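Take a look at the structure set out below.
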Amino acid sequence: MTYSRIAGTGRYLPERVLTNRELETMVDTTEEWIRTRTGIERRHVAADTQGTSDLAEQAARQAMEAAGVTAADIDFLVVGTTTPDLVFPNVGCLVQRRLGIHGCPAFSLEAACSGFIYALSMADRFIASGSARCALVIGAETLSRIVDWNDRATCVLFGDGAGAVVLKPADEPGILSCHLGADGHYGDLLYHPYGTSRPQRPGDLERPYVQMKGNEVFKVAVKTLEGIVDETLAANHLERSAINWLIPHQANIRIIQATAKRLDMPMERVVLTLQDHGNTSAASVPMALDVAVRDGRVKRGDLLLLEAFGGGLTWGSALVRF
Ligand code: COA
């Protein structure tokens with residue numbers, strides 16, 4: 001039986017930092033409101049010259065270096081993103097070209113903030129089935145491009161960034177299980193109205209930005225994440241205490257605290273990075289993982305619970321023996 005394991009991690013944040021204080025000069029908000037209601041202190045914003053694939057490329061290079069692999073080794077490339085550079089070529093192909101990788105499948109998938117977990121699950125299946133031997137899995141976003149910078153209810157929440165992992169085959173399970181879910185009936189709680197195919201609804205063209213019913217998203221997120229934590233533990237016959245680190249989607253500190261409580265886990269065992277970059281959607285889980293790997297908190301052999309929740313609505317978790 002072949003399994004997949006995470007062989008290396010990487011991340012990239014654009015240079016430009018936008019603090020809560022700066023946001024006070026842009027919309028009717030306060031540094032304290034943002035920090036206490038969300039846990040966010042600053043976010044990064046991509047330069048005008050940078051697209052999602054530029055951020056993804058940098059994170060990928062770091063992950064490949066950490067894993068000790070070269071472009072010639074990669075035989076599967078997937079990018080979770082909601083903010084592709086173009087309709088096509090997809091971000092996977094753009095990154096593939098930049099990295100000098102030829103011939104392997106390369107694609108992006110949109111599952112909003114759950115995009116990385118969805119992508120990880122695909123790559124894991126390809127490796128476990130023997131269809132791939134070295135997968136590059138990226139979560140990358142430039143949400144600053146689709147946020148209304150005049151809307152205090154949303155613009156304070158989001159930021160840009162990218163995270164990546166390299167998956168390789170192993171005899172022992174690295175990815176123990178992935179659990180994915182979605183419920184399109186909640187689509188109107190969190191969406192972006194612009195697309196390419198269907199006639200826009202009245203008013204959509206005037207507001208091509210993220211639309212969110214924050215309060216309702218919050219409630220569904222807490223409930224859904226509690227459910228997926230229970231599902232993941234039950235599927236692996238594990239007690240809550242078996243988890244060494246919770247690596248959650250970084251959207252709101254209060255949502256993360258609720259999930260940690262469900263796991264009976266002190267916040268010291270939760271990797272928190274949202275204070276530094278806000279909600280970076282599909283990029284947030286791999287970035288948080290990379291932070292904790294590089295600062296030495298996450299060690300080989302640790303059991304990690306990765307989880308995410310986002311527009312769609314979509315959600316997912318991955319239980320990982322690092
Ligand atoms: N600064 C100051 N006040 C703000 C504000 C801001 N940036 N944004 C909203 N407010 C105001 C509201 O207008 C409201 O004012 P009112 O009481 O006079 O009507 C008040 O703050 C409370 O708003 P509410 O939406 O009830 O706050 P909240 O405690 O639910 O926090 C969110 C708002 C958005 C932080 C919270 O609902 C949230 O994080 N939801 C989940 C969003 C999310 O994670 N989305 C992505 C999922 S992947």
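The values are calculated or read from the model by the stated rules, or taken from the named source; none is laboratory data. Please read these numbers as outputs of a predicted model, since none were measured by experiment. Note that each Cβ is placed from the backbone with ideal geometry, even for glycine, and that neighbours are counted across all protein chains shown. Each accessible area value is taken on the protein alone, full model and side chains, heavy atoms only, with ligands, DNA and RNA left out. Shrake-Rupley method; radii C 1.70, N 1.55, O 1.52, S 1.80 Å.
In this Cβ point-charge picture (+1 for Lys and Arg, -1 for Asp and Glu), the stretch 42-141 has a dipole of about 100 debye about its Cα centre. In the assembled protein chains, residue 129 presents an accessible area of approximately 80 Å² (probe radius 1.4 Å). Can you give me the C-alpha center-to-center distance between the stretch 183-234 and the stretch 1-52, rounded to a whole angstrom? First find each Cα centre; the distance between them is then 20 Å.
How much FRET efficiency would the formula 1/(1 + (r/R0)^6) give for residue 268 and residue 231, where r is the Cβ-Cβ distance and R0 is 30 Å, rounded to 0.05? The pair residue 268/residue 231 has a calculated efficiency of 0.75. Would you mind telling me the share, in percent, of accessible area of the stretch 67-202 contributed by carbon and sulfur at probe 1.4 angstrom? Using a 1.4 Å probe with all protein chains present, the stretch 67-202 comes out at 53 percent carbon and sulfur.
Close amide H pairs (under 5 Å, H built 1.01 Å from N) link residue 298 with 293, residues at least 5 positions away or on another chain. Lys-Lys pairs in the chain that are eight or more residues apart or on separate chains and whose Cα atoms lie under 25 Å of each other come to 6. Using the Cβ-Cβ distance between residue 153 and residue 86 with R0 set to 41 Å, the FRET efficiency from 1/(1 + (r/R0)^6) comes to roughly 0.90.
A Gaussian network model of the chain, with springs between Cα atoms under 10 Å, assigns the largest mean-square fluctuation among 48, 183, 28 to 48. Of all the options 222, 95, 156, the one that moves most in a Gaussian network model of the chain with Cα springs shorter than 10 angstrom is 222. Amide H contacts of residue 39: 253, each under 5 Å away and 5 or more positions distant or on a separate chain (H built 1.01 Å from N in the peptide plane; Pro and chain starts excluded). Modelled spin labels at residue 201 and residue 71, positioned 7 Å past Cα toward Cβ, are 4.4 nm from each other. Considering the chain, its Cα convex hull presents a mean projected area of 15.7 nm². Helix screen, the chain: DSSP H segments with Cα axial length of 27 Å or more and mean Kyte-Doolittle hydropathy at least -0.5 are 214-235. Ordering 108-117, 281-290, 254-263, 304-313 by mean Cβ neighbour count within 10 Å, with the highest value first, yields 281-290, 108-117, 304-313, 254-263.
Near the amide H of residue 83, within less than 5 Å, lie the amide hydrogens of 142, all on another chain or at least 5 residues away, with H placed in the peptide plane. Here the chain carries DSSP beta bridges of which approximately 70% are antiparallel, counting only pairs with both residues inside.
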